[in-house]
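Down below is the structure, laid out as structure tokens.
FYI, it's all coordinate maths here, none of it is from the lab. Keep in mind it's a predicted model, so treat the numbers as computed, not measured. Glycine also receives a Cβ, built like all others from the backbone with ideal geometry; neighbour counts cover every protein chain displayed.
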Amino acid sequence: MQLPRGRRRPILQSSRSERPLVYARLSDPILVKRAKDGDARLEKLAGHLLRDPEDARDAAQEALAKLCVKIKQFRGQSQVATWLHRLTINACRDAANRQRAGACEPLLEDRRAATDADPAREADRSELRSELNRCLAEIAPEQARVVVLKDALGLSFEEISEAAGMPVGTAKCYAHRGRNRLRDKLSDVA
């Protein structure tokens, strides 16, 4: 049923309110999806900073837990994503320190079934990842962190500057030096 032409009322509100998002009104599936989307990116960051995938997952979960506990400390001077990246980097550093303190023996043999259809390709990728991680571990930690944040995660130098607590120029310098050192180390291997 349509109203006569003279009686139509214009819609005064925009379809989306300018007010902040009220999370209490969001459904559980939406909240879970948002958390999962953030979790995947944090796991990727942690995976580049830590050698063990399990430690990376643990560090990402620890960062999310710290976010929940420390959210009242957030001052709003940077983006929440930048702050969350900083929490993740700190969790990775803590995990690496724990790893160094209580180094355990590596497993002798991994008997899990391959999930990839091409085991040779997966083995090559694994070898390349190991070699890259080894080379990253041999360069200065700050340079390695900036290279990972810039090249693996695609952060801008401004975001890296905020996350790592360094000037933008320093981040650019570390990226340049880190890439050159990695290039040298990887060319020695080849």
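Under the condition of being surrounded by fewer than 17 Cβ atoms within 10 Å (Cβ to Cβ) and assigned to a helix (DSSP H, G or I), which residue from the stretch 138-156 is farthest from the chain's Cα centre (by Cα)? Per the criteria, the residue is Glu138.
Scanning the stretch 116-137 for residues that are closer than 17 Å to Arg183 by Cα and among the polar types (S, T, N, Q), we see that the one that is surrounded by the fewest Cβ atoms within 10 Å (Cβ to Cβ) is Ser130.
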